[in-house]
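Notes follow once the structure below has been shown.
Only the coordinates and a few stated rules stand behind these numbers; no lab work does. None of the values given here were measured: they were computed from a predicted structure. Please note: Cβ atoms are built from the backbone with ideal geometry, for glycine as well, and neighbour counts cover all protein chains shown.
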Amino acid sequence: MGQFMVLLDSTIVGAALPDMQNRLHTDLPGLQWIVDAYVLLVAMLLLSGGVFADRFGRKRIYLSGVVVFTLASVVCAVAPSLGWLITGRVLQGIGAAALSPGSLALLAAAYPVAQERVKAIGLWAGISGIGLAAGPLAGGILVNAFDWRAIFLVNVPIGVVLVLVALPTLGESRNTNAPAIDVPGTILSILGVGALTYGLIEGGAKGWTSGIILGSFAAAVVITIAFLAVEGRTPTPMMPLRLFRNPLFTVANSAMVMVGFGLMGSVFFFSQFFVTVQGASVLVAGLQTLPTSLGMAIVSPYAGRLAAKYGFRVVVTSGLVLAGLGLLTLGVVHADTGYVNVWWRLAIIGAGFALTMSPLTGAAIQSVNPQEGGLASGISSTTRQIGAVLGVAVLGAIVTARESSGASFGAGLDSAFLTAGAACLLTAVGTGLWLVKSRPAAVAAPQPQPQTQTID
């Protein structure tokens, strides 16, 4: 239920973005911050959330995440301004970063028998997928009946029921040998990616050569260097750099960044395309974006099996090519294009990205020692979230730049989709060529490999 709530919130927000823009009187950078403020905190705190759960108690951290996420949803729902809404989204990200790894850790501890654990995690992943697919439809219905505030209020009864049921039901567990918290690394990672995100989102409005934008990019470089220095010296780093000495681990996570970039960067604009460009209602737009979520939900369970049968390289490169081609075809869709010529493009994009995520995570896990499998999975989820932050920022900057040059919003979207598609195809070529050159052993995704992630 907890992971269902997080993933429902992830896709339900996208359906409400056009209504937020109208009622809050904000521009595209404001919408980008509504999304990226959340994803940024999830990306940077996800690894720490898992360590906190192991160290201080999985039930305690999980329920703390539920409470924070629920209260943050109330803050979002009653937000009187864009600033308050972004503050609520930051708090939601903190709650989700504790809730998601805590939920999976509780399941693993509750089912010590491997076969039962696999079934439990499979159910966890399946219910999570339902939340992901239900978001656009639920968002369209709630916004159409009320307004954007309703999409956050729906989390409140779920959170309250979760706390009331979990307190007497869940057992506490912890790992007495859990590593120490990497506080400096966590803080530097948030500041570094945050500075880069600020420059990308605000560059179009403030001017790419303005002092504050150039300063934000310079700060991102300096802070990133400091982060790498800290991670190289601390005994318990949040992101051990030694793991990236393994070429397969590096390639898998690099490709995962592009998966987050292309998926989240494009999904951010789907509802806006249908509402702003094609003139659909929010409810209709929510229904029209469903093929992407359904494509992911249908294909995801088979991605690991395909990787086991045909190998990591074939499945991942095929998925990236499929997603890239889908995005390229979406880049030539216009205001007068009928939905019969649009829905299959969205389904191809969802199916393509679904083929990549589980095998990429599986490759990262199997490229390290078995004792570090959980850490590798967490890093894989983190790199995908970092890609999501950059996708929303970069593609949004492209749309803003096109509008500033006199092009229409629709033309800006075309450029953004074409850019995302080209980036996916280039990543597919690079990943495929590297794997052919190095000829690594075929890597299959674990069965099942749950995704401790939020697509927002």
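How would you rank ARG55, ARG313, going from fewest to most other Cβ atoms within 10 Å of each one's own Cβ?
Lowest count first: ARG55, ARG313.
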Aspartates and glutamates whose Cα lies under 19 Å from that of LYS59, excluding same-chain neighbours fewer than 8 positions away: GLU172
Structure-derived semi-axes √(5λ) of the Cα gyration tensor in Å - corresponding label in (1) 30, 26, 23; (2) 34, 26, 23; (3) 46, 28, 19: (1)
Ranked by how many other beta carbons lie within 10 Å on average, peptides 263-274, 314-325 from highest: 263-274, 314-325
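Please give the length that would be gained between VAL78 and ALA180 if that part of the chain were fully extended, namely 0.36 nm times their separation in residues minus their C-alpha to C-alpha distance (nm, one decimal).
33.0 nm
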The range 20-133: relative contact order in percent, alpha carbon pairs under 8 Å with at least 6 residues between: 30
Set of aspartates and glutamates near LYS206 by C-alpha distance (under 16 Å), chain-local residues within fewer than 8 positions excluded: ASP27, GLU403
Positive dipole terminus of the chain, leading residue within ALA145, ALA297, LEU106 (C-beta point charges): LEU106
Value of relative contact order over the range 182-235, rounded to a whole percent, pairs C-alpha under 8 Å and six or more apart: 49
Part-to-part distance (alpha-carbon centres) for the range 17-48 and the range 50-93, which is given in Å: 15
From phi via Karplus (6.51, -1.76, 1.60), per-residue ³J(HN,Hα) for the range 326-332 in Hz, x at Gly/Pro: x, 5, 5, 5, 5, x, 10
Among 88-100, 422-434, 134-146, 400-412, the order from most to least packed when residues are scored by Cβ within 10 Å on average: 88-100, 134-146, 422-434, 400-412
Helical mean residue ellipticity (222 nm; -39500 (n - 2.57) per DSSP H run of 4+; nearest 500) of the chain: -27500 deg cm²/dmol
Amide H contacts of LEU170 (H built 1.01 Å from N, under 5 Å, at least 5 apart or other chain): none
Percent RCO, i.e. relative contact order, over the chain, from Cα pairs under 8 Å lying at least 6 residues apart: 23
In nm, spacing of pseudo-spin labels at VAL113 and GLU172 (7 Å Cα→C-beta vector): 2.8
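Placing unit charges on C-beta atoms (Lys and Arg positive, Asp and Glu negative, everything else neutral), compute the dipole magnitude of the chain about its Cα centre in debye, rounded to 20.
Charge dipole of the chain: 1080 debye, to the nearest 20.
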Relative packing of peptides 153-161, 204-212 - highest average C-beta neighbours within 10 Å first: 153-161, 204-212
HN-Hα J in Hz across the range 388-399 - Karplus 6.51, -1.76, 1.60, θ = phi - 60°, x for Gly and Pro: 5, 4, 5, x, 4, 5, 5, 5, x, 5, 5, 4
Estimated FRET transfer efficiency (ARG245, ARG60; beta-carbon r; R0 35 Å; 0.05): 0.50
